[in-house]
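Chemist: So that we are looking at the same thing, I have put the structure below in structure tokens.
The values are calculated or read from the model by the stated rules, or taken from the named source; none is laboratory data. Source: prediction; values computed, not measured. We place every Cβ from the backbone using ideal geometry, glycine too, and count neighbours over all the protein chains shown. Side chains are part of the model used for accessible areas, which takes the heavy atoms of the whole protein and leaves out ligands, DNA and RNA. Shrake-Rupley method; radii C 1.70, N 1.55, O 1.52, S 1.80 Å.
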Amino acid sequence: MDDDAEFTQFVQTRGLDLLRFTVALTGDRDQAEDVLQGALERLYGRWGRVKRRGDPEWYLRRSIINAVRDGWRGRRRHPELLGLENEEQPADSAYLPIDDLLTRDVVRKALAALPPRQRMVIALRYWGGYTEVETARLMGTSVGTVKSQAHRAMRELRARLARTESARGTRR
């Protein structure tokens, strides 16, 4: 199989997961599409070398993280919305119980309220399934920073979810 065909197959098989990953990092579907497109363009130009060196998905995720971080620095703003509601939903998602839909919405809002670096750590560690060492390597930071950011983020998420749950309980 030639490089173009291998690259196309890679994008077809991993594209949707990579888009979801990028949406989780950026907080905005449109911005995520732009970031992913740019990262894929850079990867395409280096496909042969990256493929020979090892894991192209690792290279692409690192490129996505760098682009997202550069976007934060360049605009000096932080995304306010996580934006996952625009993601493609499974066909049976319309049949989810209302409690599942409410929980999903509450978690999205709690994630959206986190500072971008903490949201990135949570996305990599718990959604992406990376270890602390891998997360630190992807983010270009120390393992200690990953641990502290994850600890702070989880503490904040628990507090927000507890406040939401207690507010829901008082309305019943």
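Chemist: From the list Ser148, Ser142, which residue is in contact with a helix residue (DSSP H, G or I) (Cβ under 8 Å, 6 or more places away or on another chain), loosely packed, with under 14 Cβ neighbours inside 10 Å and at pLDDT 90 or above? Break it down into steps so the answer makes sense when it comes.
Modeler: Numbers: Ser148 fails: in contact with a helix residue (DSSP H, G or I) (Cβ under 8 Å, 6 or more places away or on another chain).
Checking each option against the conditions leaves just Ser142.
Chemist: Let me ask another. Looking at (1) without any contact (Cβ under 8 Å) to a residue 40 or more places away in the chain; (2) of a type in the set (A, V, I, L, M); (3) open to solvent by less than 60 Å² (accessible area, probe 1.4 Å), can you tell me which one Val23 breaks?
Modeler: Going through the list (1) without any contact (Cβ under 8 Å) to a residue 40 or more places away in the chain; (2) of a type in the set (A, V, I, L, M); (3) open to solvent by less than 60 Å² (accessible area, probe 1.4 Å), Val23 breaks only (1).
Yes/no per residue for (1) farther than 21 Å from Ala136 by Cα; (2) hydroxyl-bearing (Ser, Thr, Tyr); (3) modelled with pLDDT of 90 or more:
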position	(1), (2), (3)
Leu25	no, no, no
Gln31	yes, no, no
Leu40	yes, no, yes
Gly54	no, no, no
Ser63	no, yes, yes
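Chemist: Just name the residue that is farthest from the chain's Cα centre (by Cα) out of those in region 108-145 that are β-branched (Val, Ile, Thr) and not in a helix (DSSP H, G or I). Before you say what the answer is, go through the steps one by one.
Modeler: So the first thing to find is which residues in region 108-145 are β-branched (Val, Ile, Thr), and the list is 121-122, 131, 133, 135, 141, 143, 145.
Adding the requirement that they be not in a helix (DSSP H, G or I) leaves 131, 141.
Details: Thr131: 15, Thr141: 17 Å.
For region 108-145, the residue satisfying everything is Thr141.
Chemist: Determine whether region 65-86 contains at least one residue that is out of contact with any strand residue (DSSP E or B) (no Cβ under 8 Å at 6 or more places or on another chain), modelled with pLDDT of 85 or more and among the basic types (Lys, Arg). I'd like the intermediate steps shown before the answer.
Modeler: Going residue by residue through region 65-86, those that are out of contact with any strand residue (DSSP E or B) (no Cβ under 8 Å at 6 or more places or on another chain) are 65-86.
The next check asks that each one be modelled with pLDDT of 85 or more; those that pass are 65-68.
With among the basic types (Lys, Arg) added as a condition, the list becomes none.
No, every residue in region 65-86 fails to be out of contact with any strand residue (DSSP E or B) (no Cβ under 8 Å at 6 or more places or on another chain), modelled with pLDDT of 85 or more and among the basic types (Lys, Arg).
Chemist: While we're looking at this one, here's another question. Look at region 35-55 and say how many of its residues are touching a Gly at 6+ places or on another chain (Cβ under 9 Å) and open to solvent by 70 Å² or more (accessible area, probe 1.4 Å).
Modeler: Filtering region 35-55 down to residues touching a Gly at 6+ places or on another chain (Cβ under 9 Å) leaves 35-36, 40.
This time we only want the ones that are open to solvent by 70 Å² or more (accessible area, probe 1.4 Å), so: none.
Qualifying residue count, region 35-55: 0.
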